[in-house]
Amino acid sequence: MAPHSSIDWLFLAIAAFGIGITKSGFSGVSMVHVFLFASVFGARDSTGIVLPMLIAGDLFAMAVYGKRANWGYVRRMMPPTLLGVIVGWLLMFRMPETYYRPLIGFIILVLTVMQIIRIWKQEWLADVPHAAWFAWSMGILVGLTTMLANAAGPVFGLYLLAIGLPKLEFVGTAAWFFLILNVVKIPFSWSLGLIRLDTLALNATLVPLIALGLWVGTMLIKRIPQRLFDSLILILTGVASLRMLFW
């Protein structure tokens with residue numbers, strides 16, 4: 001499957017670069033590549049086309065930040081996330097793709113508002129991030145959103161933000177979590193006909209731009225204070241949710 005015009009190639013180049021930026025820790029930027037890939041290939045088909053590129057980005061991020069991962073949160077979130085993947089996979093056989101993004105956008109917007117409330121009035125939701133029900137709820141949402149739209153970055157980012165991980169642990173934990181999750185998703189996407197040999201050839205041409213984006217993002221994250229990093233995550237996530245709602 002090849003792009004049809006030079007504009008399509010430009011969109012894909014920007015999207016690949018955006019994947020690298022996303023994998024460096026700026027999870028809200030993921031809506032850039034979600035939007036651009038969907039513009040070229042359609043919402044449903046783009047989920048399979050972009051998956052190998054996300055895995056490449058995860059590998060790059062793991063090589064840079066993997067030693068910083070907090071494995072307790074990876075293990076805690078993986079079971080409910082896999083359940084969410086299965087639910088999302090089943091929905092893809094029945095749900096029209098026009099419903100995907102408004103639904104996910106609404107979910108992410110609600111979670112963003114909850115996190116803002118928690119920052120503003122810490123006593124209101126102080127115990128929520130460490131409760132088992134919260135981890136399971138967020139895990140299922142991560143699995144659902146990653147299967148339907150490869151849009152789980154903002155959801156998982158909000159979870160890590162809520163539990164208060166420092167920025168480098170944040171990136172390292174997300175790198176390992178999404179590497180495992182995206183590899184697990186391969187047979188599901190393959191069964192839907194969303195990954196093929198021609199899409200893999202396209203992926204290979206764009207991988208260098210992912211590495212470049214990660215390098216740029218790494219330079220940025222080293223220079224950003226923790227409080228500013230947390231604020232940027234919230235802002236980018238809020239913008240991402242609104243984009244999905246009104247796309």
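A short reminder: the numbers here are calculations on the coordinates, not readings from a lab. Not measured: the values here are computed from a predicted model. Counting neighbours? That spans all protein chains shown, and the Cβs are built from the backbone with ideal geometry, glycine included.
Structure notes:
- Footprinting exposure proxy ranking of Asp198, Asp45, Asp8, fewest other C-beta atoms within 10 angstrom first, gives Asp198, Asp8, Asp45.
- Stretchable slack from Leu10 to Phe246, in nm (0.36 nm times residue separation minus alpha-carbon distance): 82.6 nm
- Positive dipole terminus of the stretch 6-246, leading residue within Ile235, Pro96, Ile186 (C-beta point charges): Ile235
- Stretch gain in nm, segment Val184-Val113, where the contour uses 0.36 nm per residue and the Cα spacing is subtracted: 22.5 nm
- Dipole magnitude of the stretch 6-246 about its Cα centre (Cβ charges: Lys, Arg +1; Asp, Glu -1), debye to nearest 20: 380
- Sorted ascending by nearby beta carbons within 10 Å, beginning with the fewest, Ser27, Ser39, Ser46, Ser6 become Ser6, Ser39, Ser46, Ser27.
- Of Ala135, Ile55, Ala38, farthest towards positive along the dipole that unit charges on Lys, Arg, Asp, Glu beta carbons give the stretch 6-246: Ala135
- Phi angles across the stretch 202-217 convert, under the Karplus curve 6.51 cos²θ - 1.76 cosθ + 1.60 with θ = phi - 60°, into 3J(HN,Hα) values of 4, 4, 4, 6, 9, 4, x, 6, 5, 4, 5, x, 5, 4, 4, x Hz, Gly and Pro given as x.
- Going by neighbour counts of Cβ atoms within 10 Å, the residues Val155, Val50, Val64, Val87 line up, fewest first, as Val87, Val64, Val155, Val50.
- The count of lysine pairs in the stretch 6-246 whose Cα atoms are under 18 Å apart, excluding pairs fewer than 8 places apart on the same chain, comes to 7.
- Stretching the chain fully between Ala131 and Leu90 yields a gain of 12.0 nm (0.36 nm per residue, less the alpha carbon separation).
- Annotation: amide H of Ala152 within the under-5 Å range of Thr146, sequence separation 5 or more or interchain, hydrogens built in the peptide plane.
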